[in-house]
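Some notes on the structure that comes next.
The values are calculated or read from the model by the stated rules, or taken from the named source; none is laboratory data. Predicted, not measured: the structure shown is a model, and the values here were computed from it. Positions of Cβ are generated from backbone atoms using ideal geometry, with glycine treated the same way; all protein chains shown enter the neighbour counts. Just the protein is used for accessible areas: all its heavy atoms, side chains included, with ligands, DNA and RNA removed. Shrake-Rupley method; radii C 1.70, N 1.55, O 1.52, S 1.80 Å.
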Amino acid sequence: MYDVKSMKAEEFISHDEILETLKWADENKDNYPLIDSIIEKAEKMKGLSHREASLLLALDDKERLERIYALAKKIKLEFYGNRIVMFAPLYLSNYCVNGCVYCPYHAKNKHIARKKLTQDEIIREVTALEDMGHKRLALETGEDPINSPIGYVLESIKTIYSIKHKNGAVRRVNVNIAATTVDNYRKLKEAGIGTYILFQETYHKESYEKLHPTGPKHNYAYHTEAMDRAMEGGIDDVGLGVLFGLELYRYEFAGLLMHAEHLEAIHGVGPHTISVPRIKRADDINPDDFDNGIDDETFLKLIALIRISVPYTGMIISTRESKNVRGRALELGISQISGASKTSVGGYAEEDDDEENSAQFDVSDNRSLDEVVRWLMELGHIPSFCTACYREGRTGDRFMSLCKSGQIQNCCHPNALMTLKEYLMDYASDETKKIGFALIDREVENIPNEKAREVAKDRLKRIEMGERDFRF
Ligand code: SAM
């Protein structure tokens, strides 16, 4: 039975509804009047249902696809401007009791180096990240109630927020840890986390159970209902994602949108972000062992369709993807990217080859943060280190209503320029500085509201003089 408002995973992600959606999409994939009406609906920039979006995913017609890609770009610019939010993952521990067959942290992997950062090691990692200029982190851990219980995660968050190094500080800690209880989500909220991120991996229950044969993660319902518990615990920004390559992408796409519809229907606010990870080579893991890998073109089509289906949701791409794919994805709706990521535990502070053996997966973009920032600016984007929304309490439905009204532009654009200026002053190479200062000078003139423009100019000047106590 399909019921978007049910609190049961198997009802709001109904297998039958997904199968019927895919069948309906196949039957209608040459029904151009219907397809065109859906594209026209998408052009109103209010999103699409999982059925409508699934039909567009089945579409091959080049001309119409180009129209969809142009729309994805337009929607990104309309709601998020040319800003790209920067972040880095921080791996705290790779101890894990689960048996996820695609992940090198799985409990049976005896040759991966198991590591868990002490609080002192966290200080070293965060100091290294702050020395690069990062302000926003995504915490990652394996699931292990003994080695990384919730108390350890909470203590680590406290440590991270307490570190002030030169002009650097981590201003927003997002958390990607295993599904947990309402009580623990409440504790995470109290610890001041930003977004709670949990990838579904796959929405296909039968495959899910095979891919997670052992450990607490085996429980499909517990995992799939985690976002409802997180919201019940007071976390109003949640991040979804599937690990593309595990199951048929069309199935996952429909499931992902149904999950977003469910959150909106129950909590009045959809996902804050959607991530699009693809399975990668890793210790003990060969991505070719999985039959459902998707090529770059399909991957980019998915990104564009997510963009037009949930226009208010931020979209994240990690360094799992290459510079080339990331560059193309940015044109289709991505609003957040990581830079200079290490997926090993302790990887930022130590330049030790041995470290790689604790890594979660191979990264495809090994550039420094300075290089990524420069590249983004050369492509016409504004790298943003802003965390103001979160710090000012503009989360959940408050963020969404701001986003929906288009107002986010008026405060985000100046804030992005100011945080970029801070970054350039404190961390950038001379070449990056040169490009960045010129970009800021041009962009500040584009702030539509005169008062906001004058305030931004004044603050930019103060940043140049060394002031750093703005609440971004
Ligand atoms: N342990 C947490 C959980 O159970 O959700 C999440 C943290 S895990 C460090 C982050 C994500 O990495 C996983 O949710 C999974 O989607 C992804 N991942 C695992 N193995 C991967 C691989 N071989 N290639 C790419 N991504 C992978």
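Structure above, values below:
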read-out	value
Cα-derived Rg over Rh, computed across region 1-132 with Rh taken as Kirkwood radius	1.14
Selection of GluC sites (Glu not before Pro), region 1-96, meeting DSSP coil and at most 16 other Cβ within 10 Å	Glu43
Accessible area of the chain divided out per residue, in Å², using a probe of 1.4 angstrom	40 Å²
Helix-only [θ]222 nm of the chain, DSSP H runs n ≥ 4, -39500 (n - 2.57) each, per residue, nearest 500	-14500 deg cm²/dmol
Cα pair count fraction exceeding 13 Å, expressed as % - region 24-81	58 percent
Counted charge near Leu198, where neighbours are those whose Cβ lies closer than 13 Å (Asp, Glu -1; Lys, Arg +1)	-4
Alpha-carbon Rg with Dmax, taken over region 137-223, Å	14.9, 51
Cα centroid separation, region 305-340 to region 399-467 (Å)	22 Å
Cubic angstrom per residue, convex hull over Cα atoms of region 214-343	132 Å³
Bins of 20 Å, starting at 0 and running to the largest distance - Cα pair percent for the chain	25, 60, 16, 0
Region 151-277 - convex hull of the alpha-carbon atoms, volume per residue in Å³	114 Å³
DSSP bridge pairs, the chain: antiparallel proportion in percent, nearest 5	10 percent
Cys with no candidate disulfide partner in the chain (beta-carbon separation under 4.7 Å rule)	Cys96, Cys386, Cys389, Cys403, Cys411, Cys412
nm² value of the averaged projected area, convex hull over the Cα atoms of region 127-178	3.5 nm²
Inter-label distance, nm, simple model (7 Å from Cα along the C-beta direction), His111/Asn449	5.9 nm
Pairs beyond 26 Å (Cα-Cα), from Lys166/Lys189; Lys116/Lys205; Lys323/Lys461; Lys8/Lys187	Lys166/Lys189; Lys116/Lys205; Lys323/Lys461
Translational diffusion of region 238-314, µm² s⁻¹ [Kirkwood Rh, Cα pairs; Stokes-Einstein; 37 °C; 0.692 mPa s]	247 µm²/s
Accessible surface of region 60-152 [probe 1.4 Å, protein heavy atoms]: carbon and sulfur percent	57 percent
Region 1-56 versus region 96-140: alpha-carbon centroid distance in Å	38 Å
Qualifying aspartates and glutamates (Cα of each under 17 Å from Cα of Lys433; at least 8 residues distant if same chain)	Asp131, Asp370, Glu371, Glu378, Glu422, Asp441, Glu443, Glu464
